[in-house]
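Input: a single structure, listed below in structure tokens.
The values are calculated or read from the model by the stated rules, or taken from the named source; none is laboratory data. For clarity, every value in this text was computed on a predicted model and none was experimentally measured. Cβ sites come from the backbone with ideal geometry, for glycine too, and all protein chains shown count toward neighbours. Calculation scope for accessible area: heavy atoms of the full protein, side chains included, ligands and nucleic acids excluded. Shrake-Rupley method; radii C 1.70, N 1.55, O 1.52, S 1.80 Å.
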Protein chains: 2
Amino acid sequence: MPVILNSQNPNFDADFTALLHTKREADQDVDHVVAGIIAQVQSRGDEALIEYTEKFDHLSLTPETLAFSPAEIDAAIATVPNAERSALELAATRIRAYHERQIPNNEWWTGDHGEGLGWRWSAVERAGLYVPGGLASYPSSVLMNAIPAQVAGVENLAICAPTPNGKFNPLVLLAARLSGVETIYRIGGAQAIAAMAFGTETIPKVDTITGPGNAFVAAAKRRVYGHVGIDMIAGPSEILIIADRDNNPDWIALDLLSQAEHDASAQSILITDDADFAHGVIRAVEKRLETLERRDIARQSWRDFGAVIVCQDLEQAATLSDRLAPEHLELCVQDAESYAQKIRHAGAIFIGAYTPEAIGDYIGGPNHVLPTARSARFSSGLSVLDFMKRTTLSRMTPAALAAIGPSAETLAKSESLEAHGLSVRARLDQLNKDTQS
Amino acid sequence: MPVILNSQNPNFDADFTALLHTKREADQDVDHVVAGIIAQVQSRGDEALIEYTEKFDHLSLTPETLAFSPAEIDAAIATVPNAERSALELAATRIRAYHERQIPNNEWWTGDHGEGLGWRWSAVERAGLYVPGGLASYPSSVLMNAIPAQVAGVENLAICAPTPNGKFNPLVLLAARLSGVETIYRIGGAQAIAAMAFGTETIPKVDTITGPGNAFVAAAKRRVYGHVGIDMIAGPSEILIIADRDNNPDWIALDLLSQAEHDASAQSILITDDADFAHGVIRAVEKRLETLERRDIARQSWRDFGAVIVCQDLEQAATLSDRLAPEHLELCVQDAESYAQKIRHAGAIFIGAYTPEAIGDYIGGPNHVLPTARSARFSSGLSVLDFMKRTTLSRMTPAALAAIGPSAETLAKSESLEAHGLSVRARLDQLNKDTQS
């Protein structure tokens, strides 16, 4: 049974705060191990990478087989049934259309004294995309990582996707092809992050690494951050659904379970203003759990981290939602579009009962790589901007320097940075001379 | 003497690559110490903070005196001379005007099947700005951090600025007031980062921490990253100047020195296509070093990390510049504005001989918090976006779900995520029923 909270209960605040601070990940002290792996890959390159892949993925590689060959990719893609291929193509088209709107504008304007000011965006040259292996090797994640990079204009895209015991999902290779990725390495874990961050004999160093992964991948991304760009440190996924009584309990139950089935650390929360509806959803979840393929995982997640909150009214629901700052937020309420305006902190909002989160996971258009564990308070989902950077531009005219230079000189002196001041003063003196002559 | 490289030299490539990989920071193993400090502040709050401030800054504080009082701020501000006050006000006005243009647009549009798609930006609620103390306690850094946050719409802004032996710069307090910051704590180091990231009895937890600092501050920011947002992990500052012979060698020398005087790990590089000009600049630097107030620091930086590169032509200069991906790039060449188009990787570009970097440090308008150590390959200077985050929005209509839902279902099945597929299927079945009835 999930936690059931009622906002009328005198302990509600304390219980809700406890829910906010639920730890869903074991404190694995993997950092020490990860530091060792990174050091090995930095110093021994391919050799270390091959050893770790043998050890962790039970797969023997050579520098020549680190990447899938074009023939292997072709062969795998040929096995993909037409229905899957079409679905993936539609998803790619829609994700691309959404992300193309994110391309930022360059700006260049003239200031008060004739000076030019502005900025210019440009793409990184190389990006490395991490795609988890095994259970969670999702072609949709390939599209969600690679398409924003492609739209940004990144020239070189490579994927690292571990293939434990050599097993892989052909749709992952098709998704890579649909999003312009030529190179797919069958490596994973901290060793893959290290290889992309520092380069090996075979794997070129990249500028930016994105994509989700386990605790080892997360620790490795934290360690290489600054040396390369990264998207975020991702934790287990979560959903919050705000639903009123005018919903089908089974639909809401399935939406909760579509989060819970990801993994046992996932979290599904329902907030409703109707206690009867809350119990209806709980019963519907129980019923679906009887037959669901991934019922063992989903049941564990629902039991350990699931929560149902009965609140006073939908105003309160919005306030609680902002405190949770959920990764995914479904709004199944009357006039959901204007209700959405009340929300400030959420990674993605799914508006209305016909927008199950699964649409956003695959095909809606927005990115499914989203801030977890309440980090929507300060961070955003993956976007084209993660693969671009901005260069600021300024051009002073002599008149502009004459107008604002003296203030810069004053501030430089007050900060005891004499050369800063002199670099302005030397030019101002010349301008004064020019004026006098 | 700085390194002098000539692109005609057969060893040039190797020498340039060595320059790229120059280490300017000692590998201080501060991470272990920082982990301890963070743990202490997390568990003991104010008490630990006060102990560390006593130990590192030789300053005795109480919970009541952790922050400057309004009266202390008023008294300090009253001592600021008019010239400095006016200069700071002009800087604040110009920085604000530049950053107001960075406010991103919200978007909402209708897709192919009547579905609504878009995103919305919002500000973080609380930001903590770190301002280094002692030598590098710069009021300009306060403006550059606080104004973007204020423009973004952050409601609560606090500054941590250590005051070793109780000493502080009144202009820092004035800059804080000019940029809407009410609260200034006199704490610094890893302990200040920990206090802002996790909160103490006195200091509220923030969502995002920005601002430069020493190795301890950098290590602490890396550790709290993900729990809060951070701007970047900053290293020592650098400048690259591309200048042709038609420049005053003394101006260029002063620009190089305005970087070198920051600290001994700063790096100043000149690229020119004229060997005589190169030597003219070197002589001008030597001459200025005779009298410069901060000549000990500047001389050390110039000797250890300075470089002068004589290249074949300005095309090659642009190529080398992109390999260096400098934090600051001055272009003192003919038709500098169109030359700037050749550059892809730089934090900030200063166009033309009348735009010394010092203008950008103080008053030009663009931010002076910029990516160091070649991280301009993948990251940007501080901006309004660092204090905002994006929520993606989608709203399916029944018609849109009918059109794209089946593909989502197909992909969910192929990823063995049954509940994902069922959450779509349940709705599609209802739509089919509705159509038939």
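Computed with a 1.4 Å probe over protein heavy atoms only, the accessible surface of the protein assembly as shown comes to 37 Å² per residue.
When a/c is below 1.5 the answer is rounded, else prolate if a/b is larger than b/c, else oblate, so apply that to the range B:56-160 with a ≥ b ≥ c taken from the square roots of the Cα gyration tensor eigenvalues.
prolate
Judged by the ratio a/c of the largest to the smallest principal axis of the C-alpha gyration tensor, the range A:4-93 counts as oblate, that ratio being 1.5 or greater while a/b is no larger than b/c. With the convex hull drawn around the C-alpha atoms of the range A:396-436, the volume per residue stands at 55 Å³. Under a Cβ-only charge scheme (Lys and Arg +1, Asp and Glu -1), can you give me the dipole magnitude of the range A:396-436 about the Cα centre, in debye to the nearest 20? So the magnitude is around 60 debye. In this assembly of identical copies, the label point of A:GLN436 (Cα plus 7 Å along Cα-to-Cβ) is separated from its counterparts by 9.6 nm, sorted shortest first. Each Lys or Arg adds one and each Asp or Glu subtracts one; over the other residues with Cβ under 14 Å from the Cβ of A:ARG120, this totals +3. Just checking the listed ones, B:SER60, B:SER379, B:SER416: in the Gaussian network model of chain B with Cα springs under 10 Å, the one fluctuating most is B:SER416.
Dividing the C-alpha radius of gyration of the range B:257-323 by 2.2 N^0.38 Å, with N its residue count, gives 1.16.
Under 5 Å between amide hydrogens, built in the peptide plane, is the criterion, and for B:ILE4 it picks out B:VAL308 among residues at least 5 positions away or on other chains. Only the Cβ atoms of Lys and Arg (+1) and of Asp and Glu (-1) were treated as charged; on that basis the dipole of the range A:360-422 about its Cα centre amounts to roughly 140 debye. Selection among B:LEU61, B:ALA71, B:GLN42 by position relative to the dipole of the range B:31-96 gives B:ALA71 as farthest towards the positive end (Cβ unit charges, Cα centre).
Placing unit charges on the Cβ atoms only, positive for Lys and Arg and negative for Asp and Glu, gives the protein assembly as shown a dipole magnitude near 40 debye about its Cα centre.
Nonpolar atom fraction for the protein assembly as shown, defined as the carbon and sulfur part of the 1.4 Å probe accessible area, stands at 48 percent.
In the range B:384-403, the residues that give up 30 Å² or more of accessible area when the other protein chains are added, compared with the chain on its own (1.4 Å probe), are B:LEU385, B:LYS389, B:ARG390, B:THR391, B:THR392, B:LEU393, B:SER394, B:ARG395, B:MET396, B:LEU401. Using a Gaussian network model of chain A in which every pair of alpha carbons under 10 angstrom is joined by a spring, one finds that among A:GLU261, A:GLU182, A:GLU293 the greatest mean-square fluctuation is at A:GLU293. Taking a straight Cα-Cα cut-off under 18 Å and skipping sequence neighbours fewer than 8 places away in the same chain, the aspartates and glutamates within cross-link reach of A:LYS413 are A:ASP429, B:GLU84, B:GLU89, B:ASP255, B:GLU261, B:ASP263, B:GLU293, B:ASP296, B:GLU357, B:ASP361.
Across the range B:231-238, computed HN-Hα scalar couplings (Karplus, 6.51 cos²θ - 1.76 cosθ + 1.60, θ = phi - 60°) run 7, 5, 9, 8, x, x, 7, 8 Hz from first to last residue, x flagging Gly and Pro.
Across identical copies of the chain, A:ASN165 has label-point separations of 6.8 nm, listed in ascending order, with the point defined 7 angstrom from Cα along Cα→Cβ.
Shape call for chain A from the C-alpha gyration tensor, a ≥ b ≥ c root eigenvalues: rounded (a/c under 1.5), prolate (a/b greater than b/c) or oblate? It is oblate, given that a/c is not under 1.5 and a/b is not larger than b/c.
Here's how it looks for A:GLU330: its modeled amide H is under 5 Å from those of A:LEU240, A:ILE241, A:ILE242, A:PHE350, which are all 5 or more places away or on a different chain. Across the identical copies, the label point of A:GLU337 (7 Å from Cα in the Cβ direction) is separated from its matches by 4.4 nm, in order from shortest.
Considering only B:ALA146, B:ILE4, B:ILE241, and ranking their Cα positions along the charge dipole of chain B that arises from unit charges at the beta-carbon of Lys, Arg, Asp and Glu, the one farthest toward the positive end is B:ALA146. Distance between the modelled labels on A:GLN300 and B:ARG283, one decimal in nanometres: 7.6 nm (7 Å Cα→Cβ projection). Look at the stretch A:217-226: the mean tally of other chain Cβ atoms within 10 Å of its residues' Cβ atoms is 3. Simple rule: put +1 on each Lys or Arg Cβ and -1 on each Asp or Glu Cβ in the range A:235-378, find the dipole, and look at A:LEU314, A:ALA260, A:CYS332; the Cα lying farthest toward the positive end is A:ALA260. Modelled label positions at A:GLN42 and B:GLU315, each set 7 Å beyond Cα in the direction of Cβ, lie 3.8 nm from each other. Within chain A, the longest run free of trypsin sites (Lys or Arg not before Pro) that sit in a DSSP loop with at most 16 other Cβ atoms within 10 Å is A:246-437.
Which of the residue pairs A:LYS221/A:LYS389; A:LYS433/B:LYS167; A:LYS433/B:LYS287 have a Cα-Cα distance greater than 30 Å in the structure shown? Where the Cα-Cα span goes over 30 Å, the pairs concerned are A:LYS433/B:LYS167.
Note on chain A: GNM, Cα springs under 10 Å; of A:LEU256, A:LEU417, A:LEU66, the largest mean-square fluctuation is that of A:LEU417.
Candidate cross-link partners of B:LYS205 among the aspartates and glutamates, defined by an alpha-carbon separation under 14 Å and a same-chain spacing of 8 or more, comprise B:ASP46, B:GLU125, B:GLU155. Helical content alone sets the calculated 222 nm signal of the protein assembly as shown at -14500 deg cm²/dmol, taking -39,500 (n - 2.57) per DSSP H segment of four or more residues and averaging over every residue. Interface size, chains A and B: roughly 10900 Å² of accessible area buried, both sides included, 1.4 Å probe, rounded to the nearest 100.
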